[in-house]
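A.B. asks: Here you go, one structure.
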Amino acid sequence: MRYTGNKVIDENKQGEATLVDETSELKNYKKLYIESYGCQMNFSDSEIVASILIGEGYTTVADFKEADVILINTCSIRDNAEQRVLNRLRNFQGLKKKKPDLIVGMLGCMAERLKYELVEKKKVLDLVAGPDAYRDLPRLLQTVESGQKAVNVLLSREETYADISPVRLDANGISAFISIMRGCDNMCSFCVVPFTRGRERSRDPESIVTEARDLINKGYREVTLLGQNVDSYKWNITAKGEILNPEEPIVKFADLLEKVAMVSPDLRIRYSTSHPKDLTNEVLETMARHENICDYIHLPVQAGNNEILKKMNRGYTSEWYLDRISAIKRYIPECAISTDVIVGFCGETDEQYAETVDLMNYVKFDFAYMFKYSERPKTLAERNFNDNVPEDIKASRLQSIIDMQLEHSHLSNKKMVGKTCKVLIEGVSKRSENKLYGRNSQNAVVIFDRDDLQKGEYVDVLIDDCTSATLFGKVIDKYSKN
Ligand code: SAM
Ligand code: SF4
């Protein structure tokens, strides 16, 4: 698998525990174990939860068997994500039989839908907190300690946790995630996010810039700005265009990118996710103007056929999507582009699927995350369409595009052979102690000799070999540290 900070669902990280250096100053601290599933936004939320609970006298532990409180931060995006969490809960139940005072709670996207079943019916959980209820966790935990069950799944129109400085779980200390907005108003017909994470709201830009500044002062060299649809980030203006405070400037996503890029030339900026219907030329111009905004865009297409895109309620056609691809190449010729694709959406015919294949063949994405359609409760698709593409057809369509994409990723890496790229060193390679790895601006992983180099440094690497997932090369220059 390719290392990528912006990965939608990073298989290597599923179920990883949130562990922090900061421990409570209280001696009688309680031991907290948080495990996270799903997208990067969930991992970022676990850092907020850890921050809130450390302030309440908790410390994090790596082994759930040592914990006084186990929290599992969940994902609902596809059915298999939910099944994985439900299996994991069985392990925690086993421990609870031996340790009756153990508190087991569920956070995140599965909270709302499964609260009744898991708290009251099956009684496998003591506590459930939805994505906007994390400030309430200390009270919820006290309620459980007093012998009752505790549930808060209220969604908010305002909560952005802007004032909470998340503790960092990143092992590398070099790259971090900053949430810039929460929720989503798009209502793509296949997607459960608007139901689990609520309405879209943007976070105060000053708190974002302060967090980026704080991170660079602590030695971080890369931030990824996170949101479900970053292009609709807005501050001081409503979705209808009403200005909230005429004395203050309006901040849109391009302005925010610029502000964060200005924090330091040594801080790399990435972001995820862009929506094709909202990606503006202004954003592309801003990216082209700042060397430290990486040449990489994740632009999920989902499908290549216009009828399917319409049923998906994506708000664009394949022609519009291809126009956005041309615009990216015009403003940033070296820009890498990745995408998300869903196969086997309701009623998808062979011909409609073939148009997805054609589009992928035409664009030749540098990377893609590919999924079989999984029907989700409450969504527009569940209510309006039949999930009628047989499982074996979904599976064979998925395998075909995975095979094709592997070739495209290899092609993209081969184009780098013989070229030099600037790489931010992230750490020691998993395969060899004598090698380091980092990523270039286009988000490709680069492996090279360790020598006397350190993580956090920028180096120029001449690429001399590649696989479909990795570039290999020699360091030919080092940037002086500021
Ligand atoms: N907000 C982003 C967007 O609009 O592209 C990403 C949202 S989602 C967390 C990540 C990806 O999961 C989507 O782009 C889509 O490809 C996939 N996905 C979402 N719902 C799905 C479903 N019901 N079945 C299969 N894949 C799904
Ligand atoms: Fe889901 Fe669409 Fe929102 Fe992405 S933009 S989170 S796919 S509703």
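Quick note: the coordinates plus some simple rules give every number you see, no bench work behind them. Since the model is a prediction, treat every value here as computed from it, not as a measurement. Methodologically, a virtual Cβ is constructed for each residue, glycine included, from the backbone with ideal geometry; neighbour enumeration extends over all protein chains shown.
A.B. asks: Taking the Cβ of each residue in Trp320, Trp235 as the centre, tally the other Cβ atoms inside 10 Å and list the residues starting with the fewest.
C.D. replies: Trp320, Trp235
A.B. asks: How are the alpha carbon pair distances in the range 33-86 distributed across 5 Å bins from zero to the largest one, expressed in percent?
C.D. replies: 4, 20, 25, 24, 16, 9, 2, 0
A.B. asks: For the range 65-116 and the range 405-482, what is the centre-to-centre distance using only Cα atoms, to the nearest Å?
C.D. replies: Each part reduced to its Cα centre gives a spacing of 38 Å.
A.B. asks: Ok, one more. Please list the non-local residues whose amide H lies under 5 Å from the amide H of Asp464, H modeled 1.01 Å from N, same-chain partners needing a gap of 5 or more.
C.D. replies: When sequence neighbours closer than 5 places are left aside, the close amide H contacts are Gly418, Phe472, Gly473, Lys474.
A.B. asks: For the range 45-128, which semi-axes, largest first and in whole Å, follow from the square roots of 5 times the eigenvalues of its Cα gyration tensor?
C.D. replies: The three semi-axes for the range 45-128 are 20, 17, 12 Å.
A.B. asks: Each label point is 7 Å from the Cα along the Cα-to-Cβ direction; what then is the distance between the points at Lys31 and Lys414, in nm?
C.D. replies: 5.3
A.B. asks: Which is farthest toward the positive dipole end of the range 308-404 among Ala336, Ile325, Gly315, measuring Cα position about the Cα centre, with Cβ charges +1 (Lys, Arg) and -1 (Asp, Glu)?
C.D. replies: Gly315
A.B. asks: Computed on alpha carbon atoms, what radius of gyration and Dmax characterise the range 359-423, expressed in Å?
C.D. replies: Here Rg and the maximum Cα pair distance are 17.0, 53 Å.
A.B. asks: Continuing with the same structure: Report the normalised scattering of the range 224-280 as log10 I(q)/I(0) at q = 0.15, 0.16, 0.20 Å⁻¹, calculated by the Debye formula with identical scatterers on the alpha carbons.
C.D. replies: For the range 224-280, the Cα-only Debye profile gives -0.49, -0.55, -0.80.
A.B. asks: Determine the principal axes of the Cα atoms in the chain, then give the extent along each, sorted from largest to smallest and rounded to whole angstroms.
C.D. replies: 64, 57, 55
A.B. asks: Using just the helices of the chain, give the 222 nm mean residue ellipticity in deg cm²/dmol: DSSP H runs with n ≥ 4 each add -39,500 (n - 2.57), and the total is spread over all residues, rounded to 500.
C.D. replies: -9500 deg cm²/dmol
A.B. asks: Continuing with the same structure: Please report the equivalent ellipsoid semi-axes of the range 86-154, computed as sqrt(5 x eigenvalue) of the Cα gyration tensor, largest first, in whole Å.
C.D. replies: Calculated on Cα positions only, the semi-axes equal 18, 15, 10 Å.
A.B. asks: Distances over 27 Å make up what percent of all Cα-Cα pairs in the range 305-452?
C.D. replies: 38
A.B. asks: Further, regarding this structure: How much FRET efficiency would the formula 1/(1 + (r/R0)^6) give for Glu248 and Asp136, where r is the Cβ-Cβ distance and R0 is 25 Å, rounded to 0.05?
C.D. replies: Working from the Cβ atoms, E equals 0.25.
A.B. asks: In Å and on Cα atoms, what radius of gyration and Dmax does the range 127-267 show?
C.D. replies: 17.2, 53
A.B. asks: Return one quarter of the surface area of the convex hull spanned by the alpha-carbon atoms of the range 370-482, equal to its mean projected area, in nm². Don't skip to the answer; put the middle values down first.
C.D. replies: Numbers: hull surface 42.2 nm².
Average projection, Cα convex hull of the range 370-482: 10.6 nm².
A.B. asks: A further question follows. Gap in Å between the Cα centre of the range 141-190 and the Cα centre of the range 360-404?
C.D. replies: If we compute the Cα centre of each part, the gap is 29 Å.
A.B. asks: For the range 264-361, what value does the Rg/Rh ratio take when both radii are computed over Cα atoms and Rh is the Kirkwood radius, given to two decimals?
C.D. replies: Rounded to two decimals, Rg/Rh equals 1.04.
A.B. asks: Kirkwood-based Rg over Rh for the range 321-389 (C-alpha set), two decimals?
C.D. replies: 1.07
A.B. asks: With +1 on each Lys and Arg Cβ and -1 on each Asp and Glu Cβ, how big is the dipole of the chain about its Cα centre, in debye rounded to the nearest 20?
C.D. replies: Numbers: 67 positive and 74 negative charges, 213 e Å.
Around 1020 debye, computed over the chain.
A.B. asks: Over all distinct Cα pairs, what is the inverse of the mean 1/r for the range 80-120, reported as the Kirkwood hydrodynamic radius in Å?
C.D. replies: After inverting the pairwise mean of 1/r, the radius is 11.1 Å.
A.B. asks: Then there's this: More than 16 angstrom separation, counting every C-alpha pair in the range 191-298; what % is that?
C.D. replies: 60
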